[in-house]
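The values are calculated or read from the model by the stated rules, or taken from the named source; none is laboratory data. Being a predicted model, the structure only gives us computed values, none of them experimental. Note that each Cβ is placed from the backbone with ideal geometry, even for glycine, and that neighbours are counted across all protein chains shown.
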Amino acid sequence: MEIRTSFAKANEGDGGHLIIHKDRIIFAKKKTGAEEYFAIPTSAVKELFYSRVSGRRIGAAILVSPLLLLSKGRKHYMTVSFNDGKAAIGAVEFKLDKSNYRPILRSVETAAGVTMQYDQEGIKDQEQKPAESKAGASQPPSK
């Protein structure tokens, strides 16, 4: 995980990991038991936003193989805006790892009690909900 904005002891580009508790979201240094950069009380979370950016793998294509230009890489971001009515006011954007971004989104959403907003229509419906059977939807209602 990487942070994209400055907040408390963290600077843009700092790597770390999220620890999600029911009362706070902690961004800590990568080392186990390491100090935390900052913590956001879940009661202060006002908005959650997920965005996904796709792009060509130009660097890998130059270094490894031109065939990699045909593939796209995806980067996943979560923005948390918060306001505790006192000193903690702002927003922080996290770059999430592709291997575990969905559980993180669900965990933060559950802990904060705030519904995640998605940048593209249908992302949550396609990727986080089980598909509905079309056969059941097309049957006429029973009499």
* Structure fact -> Of all helices (runs of 4 or more DSSP H) fully inside the range 84-143, the set with 2 or more residues that are modelled with pLDDT under 80 and closer than 29 Å to residue 12 by Cα is 123-128
* Restricted to the range 16-36, and to residues that are exposed (fewer than 11 other Cβ atoms within 10 Å of the Cβ) and at pLDDT below 80, which residue is nearest to residue 98 (Cα to Cα)? -> 30
* Does residue 45 count as modelled with pLDDT of 75 or more, under 11 Å from the mean Cα position of the chain (by Cα) and surrounded by 13 or more Cβ atoms within 10 Å (Cβ to Cβ)? -> no
* Asked: Looking at the range 5-15, which of its residues are on the phi < 0 side of the Ramachandran plot, surrounded by 12 or more Cβ atoms within 10 Å (Cβ to Cβ) and not in a strand (DSSP E or B)?
  -> 5, 6, 9, 14
